[in-house]
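What follows is a single structure, written as structure tokens, with notes after it.
The values are calculated or read from the model by the stated rules, or taken from the named source; none is laboratory data. Note that the structure is a prediction, hence the values are computed from the model and not measured. Don't worry about glycine lacking a Cβ; one is built from the backbone with ideal geometry, like all the others, and counts go over all protein chains shown.
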Amino acid sequence: MDNSNTPGKSEKTETGFSEQRILDVSPAGSLITRISDGTILYANKAIAAMLGIEEVANVIGTPIPNFYWNPDERKIVLDAFQAQGSLMNYEMRARRPNDIMFWVSISLQPFEFEGETALLSTILDITEKKQAEQSILALFNAMPQPVLVTRISDGTVLYANEHLSTLFGLPLDQIAGRQTPDYYVDPTDRFRFVEALQKQGHLHNAKVQLKRLDGSTFWAEVSIELTPYLGEMATISVIEDISERIQAEAALQQLATIVEVSKEAIMSTSPKGEILSWNPAAERMFGYNAAELIGKPALVLAPPEVQEDAKSILMRLAQGETVPPAETVRLAKDGRRVDVLLSASAMKDETGKVIGFSATLTDITERKQAEEAQAQLEEQLRQAQKMETVGRLAGGV
């Protein structure tokens, strides 16, 4: 750009307006500064208003570092400019003459001004935007769950809170800028999530397996929203580690399978003794299906002669005791008395509170019948032996 088109000249450009006129009326702040020492050579009214200075003339001649919140940052800005040949939308803190801090976005390009190469700076006050960002980040930081913000286009991490840092075992300063596919056990899961987000704008409680930098894996439940973030489309993800829940569910499923295939009757009750579960073996043993008994008191199975004993067992269980195996009798649906070996224990939550009871009943009817038959045979043998002895004594008289 030659000198005839600089703001210091009055000649018009091809568009019919001088560049100075364009800069003068621009709503964006414009500065021209000497590269060597940062002296301000030109400023428009928007810059004066931004700085809270009434007269533009009071800005010209001032060293630009005076308006940096951290004057040392000018070297960082110049280094970035010289490395790239220009600088676009660099965000930094600036200072007003009354020492009030505000945020600006600055773009730099080389500019010929009165025979020397200077810097033309276009400056926007982004204080409100930064305050809004900081409010959002403060909200994310205050959330008890891990939060991750990523660019939708390529999965680059834009923000992560401390909880996410802890979850992945990675310092915060090493998370931003990474690619989220690095954290998926199966990277195609991200493409599946993005496709769902583009269709419906959100994804709630999706289960996915993730991995840490050290290679260890864990199951997570992820809720994701597609939303603008700091001027670009991004995803905001709230992540919950559900590894323990998955393990517990697997253990419960295994236990449920054992209960289903067990040959022993297994039932559970509420703390009040109401039946909550009733397995297939119990159905076969007593003739009741689950729908007939769930919600009914377990005492309906106890015949009159053992009612008090059954109530005593429930009271002991309510105190958190375990009832060792004991022989007793229970009633079947058809009125049969079923001899059983009963063992029961209290179920407790993580605080130790009793939340119900479980009982296992083994049908010992055949064993009891065999024992009774054996006892009868033994009694008959004793009687026969006794009669034989009496006969011998009578024959000897």
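Yes/no matrix, rows are residues, columns are (1) in contact with a Lys or Arg (Cβ under 9 Å, 6 or more places away or on another chain); (2) among the charged types (D, E, K, R):
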residue	(1), (2)
Arg212	no, yes
Val238	no, no
Leu255	no, no
Glu264	no, yes
Ser270	no, no
Phe286	yes, no
Provide a single number: the residues in region 101-130 that are surrounded by fewer than 12 Cβ atoms within 10 Å (Cβ to Cβ) and either within 30 Å of His163 (Cα to Cα) or of a type in the set (A, V, I, L, M) (or both). 2
Within region 142-167, can you find the residues that are aromatic (Phe, Trp, Tyr) and either modelled with pLDDT of 90 or more or surrounded by fewer than 15 Cβ atoms within 10 Å (Cβ to Cβ) (or both)? none
Take Asp241 and tell me if it is among the acidic types (Asp, Glu) and assigned by TED's automatic domain parsing to the domain that holds Ala160. yes
Being crowded, with 18+ Cβ neighbours inside 10 Å and either in contact with a strand residue (DSSP E or B) (Cβ under 6 Å, 6 or more places away or on another chain) or touching a residue at least 12 places away in the same chain (Cβ under 8 Å) (or both), is that true of even one residue in region 245-258? no
Could you check how many residues of region 40-57 are touching a strand residue (DSSP E or B) at 6+ places or on another chain (Cβ under 6 Å) and either hydroxyl-bearing (Ser, Thr, Tyr) or outside any helix (DSSP H, G or I) (or both)? 5
Here are Ile242, Ile275: which of them is surrounded by fewer than 19 Cβ atoms within 10 Å (Cβ to Cβ) and either in contact with a strand residue (DSSP E or B) (Cβ under 7 Å, 6 or more places away or on another chain) or not acidic (Asp, Glu) (or both)? Ile242
Just a yes or no: is a residue in region 281-293 surrounded by 13 or more Cβ atoms within 10 Å (Cβ to Cβ) and assigned to a strand (DSSP E or B)? no
Exactly one of Ser268, Ser277 is in contact (Cβ under 8 Å) with a residue 60 or more places away in the chain, of a type outside the set (Asp, Glu) and closer than 28 Å to Leu342 by Cα, and that residue is Ser268
Considering only region 219-244, how many residues are in contact (Cβ under 8 Å) with a residue 40 or more places away in the chain and over 10 Å from the mean Cα position of the chain (by Cα)? 8
Cβ-Cβ below 8 Å, separation at least six or inter-chain, first residue in region 324-352 and within 20 Å of Lys311 (Cβ to Cβ), second surrounded by 11 or more Cβ atoms within 10 Å (Cβ to Cβ) and among the aromatic types (Phe, Trp, Tyr): which pairs? Arg330/Phe286; Leu331/Phe286; Val338/Phe286; Ala344/Phe357; Ser345/Phe357; Ala346/Phe357; Met347/Phe357
Six or more apart or on different chains, Cβ atoms under 8 Å: show the pairs whose first residue is in region 144-163 and farther than 17 Å from Gln179 by Cβ and in contact (Cβ under 8 Å) with a residue 60 or more places away in the chain and whose second is hydroxyl-bearing (Ser, Thr, Tyr) and surrounded by 17 or more Cβ atoms within 10 Å (Cβ to Cβ). Val147/Tyr159; Val147/Ser237
All but one of (1) more than 40 Å from the chain's Cα centre (by Cα); (2) among the basic types (Lys, Arg); (3) outside any helix (DSSP H, G or I) hold for Lys75; state the number of the condition that does not hold. (3)
Positions within region 324-378 being hydroxyl-bearing (Ser, Thr, Tyr) and either within 14 Å of Ala265 (Cα to Cα) or surrounded by 17 or more Cβ atoms within 10 Å (Cβ to Cβ) (or both), in sequence order: Thr328, Ser343, Ser358, Thr360, Thr362, Thr365
